[in-house]
Amino acid sequence: MHLLPRIQTSSSAEAVSGHDRVRDVDILRGFALLGILLVNVQGMAGPQVGPGGGMVASWADEVAGWLVTALVSAKFYLLFSFLFGYSFTLQRASAERAGVAFGPRHLRRSGCLFLLGLAHGVLLFPGDILRDYAVLSLILFAVRDIAPRTAIRAAAWLIAGVAACLLAWGLLMVALAEPSRPQDVAAATHEMVADRRGGPGSVVWANVRWLRDALGLNVLYGADVLAAFLVGLAAGRRGLLAETGRYRAWMTQIVVSGLPIGLAGSVFMAICRNGPLDARWYDVGSAVGVLTAPALTAAYACGLLLLSRRVSRTRPGRHVVGLLAGAGRLSLTHYLTQSLVMALVFTGYGLGWYGRYGMTAVLAGCFVLYAAQLATGKWLLRRVRYGPAEWLLRAATLARRP
């Protein structure tokens, strides 16, 4: 099965329509926001802890966490990254239609994205990915004229390289590391609780430490993100999301083939990360997850687009699809707002509920927040063309008021 259908390659200016927005891109972005929220909240809310500082969880919480790892983790940042690469071709085409140089525009956009990500990571959520996007987008610009097939091959090698590094390290840990002792886990958990429930200074300092400690992993997983960028770039060069109606058979094949492969790898990853295997197997599971997550991500994306076309024939279906597309148009604002809400709820910025609630309660809150974002997004877009973060990014890109 070919990752991209065999159609004639065209330039970025020719591969997209004369409009800046592609509705299916927005639908996928709106859907990906939920997956990002379900993953990020696990770091922001923390494990539920008892009076003695040890982790406690009901069977329902354990099942909920296991399912999030199997079905959500490592899938939706790939979808966002793919869409970032695809949108790169739309921005390039927009600059060409406007008759302006794309390079300065892209550099300003990347600079603004980096500063937003730095502030976001230090103040709100240290797992921010915007900084990585900003840096890797410079590589994307450097290879902007790469042939789609070459981009796909490079992406495959990057994914294989990341998986090999994780597997080698993971097998080393399985062979040499000792199982975690409960008292060590309790001590580390107690320190995290104290940092997160402390005042704003404590929260910022904890975020800075997290950013520092995660630098190596960010570099490693940056290759995975770059691979998704390249696949998105190849898809954008061929204008796939602008003409998804032509590729229904190919998309159905992706769903049928990708679901079993992706689910099998994701289940193994959950077994290694969440049990019954112990923490020494974490990176072994991650290696398998890196290899198989693209299949499940592609199946999710194709399945959603196929479903959206079917349900759009009914009025309720059109309403739901419209809500997703609206959320996608405001994806940057919604992403930052999610972190702000989580910081106010779980850290010393606000309620300080870090570690107080189990995974089932936390995930229920996520669905409430996501529903509120869908509703407020629709309300906001009736009044303005851009969300606050989108307006700022566009102003920096154009070097003028939008």
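The values are calculated or read from the model by the stated rules, or taken from the named source; none is laboratory data. This one's a predicted model, so the numbers in the text were calculated from it and none came from an experiment. Every residue, glycine among them, receives a Cβ derived from its backbone with ideal geometry; neighbour counts consider all protein chains shown.
Quick one: which of Val162, Val204, Val193 is more than 17 Å from Leu83 (Cβ to Cβ) and touching a strand residue (DSSP E or B) at 6+ places or on another chain (Cβ under 7 Å)?
Val193
List pairs: first in region 141-152 and closer than 13 Å to Gly85 by Cβ, second among the charged types (D, E, K, R) and modelled with pLDDT under 95, Cβ under 7 Å, 6+ apart or cross-chain?
Qualifying pairs under 7 Å: Pro148/Arg237; Pro148/Arg238.
Determine which single condition Ala160 fails, assuming it passes every other condition in (1) surrounded by 15 or more Cβ atoms within 10 Å (Cβ to Cβ); (2) within 27 Å of Arg280 (Cα to Cα); (3) not acidic (Asp, Glu).
(1)
Which residues, taken from region 167-189, are more than 29 Å from the chain's Cα centre (by Cα) and modelled with pLDDT under 75?
Ser180, Arg181, Pro182, Gln183, Asp184, Ala186, Ala187
Based on what the data block shows, is Val362 within 17 Å of Gly46 (Cβ to Cβ), in a helix (DSSP H, G or I) and touching a Phe, Trp or Tyr at 6+ places or on another chain (Cβ under 7 Å)?
Judged against the criteria, Val362 is not a match.
With respect to Arg131, determine if the residue is among the basic types (Lys, Arg) and either surrounded by fewer than 17 Cβ atoms within 10 Å (Cβ to Cβ) or outside any helix (DSSP H, G or I) (or both).
no
Val203: assigned to a helix (DSSP H, G or I), at pLDDT 90 or above, within 18 Å of Ala295 (Cβ to Cβ) and hydrophobic (A, V, I, L, M, F, W, C), yes or no?
Against the criterion (assigned to a helix (DSSP H, G or I), at pLDDT 90 or above, within 18 Å of Ala295 (Cβ to Cβ) and hydrophobic (A, V, I, L, M, F, W, C)), Val203 does not qualify.
What about Ala293, is it in a helix (DSSP H, G or I) and in contact (Cβ under 8 Å) with a residue 60 or more places away in the chain?
yes
Give all pairs with beta carbons closer than 8 Å in which a residue from region 347-372 that is free of Cβ contacts under 8 Å to residues at least 40 places away in the same chain meets a residue that is surrounded by fewer than 16 Cβ atoms within 10 Å (Cβ to Cβ) and among the small types (Gly, Ala, Ser); count only pairs at least 6 apart in sequence or on separate chains.
Going by the 8 Å Cβ cut-off, there are no qualifying pairs.
Residues in region 227-250: is at least one farther than 19 Å from Ile152 by Cα, assigned to a helix (DSSP H, G or I), in contact with a helix residue (DSSP H, G or I) (Cβ under 7 Å, 6 or more places away or on another chain) and among the basic types (Lys, Arg)?
Scanning region 227-250, I find at least one residue that is farther than 19 Å from Ile152 by Cα, assigned to a helix (DSSP H, G or I), in contact with a helix residue (DSSP H, G or I) (Cβ under 7 Å, 6 or more places away or on another chain) and among the basic types (Lys, Arg), so the answer is yes.
Specify which of the listed residues (Leu33, Leu113) is modelled with pLDDT of 95 or more and either surrounded by fewer than 20 Cβ atoms within 10 Å (Cβ to Cβ) or within 27 Å of Thr244 (Cα to Cα) (or both).
Going through Leu33, Leu113 in turn, the sole match is Leu33.
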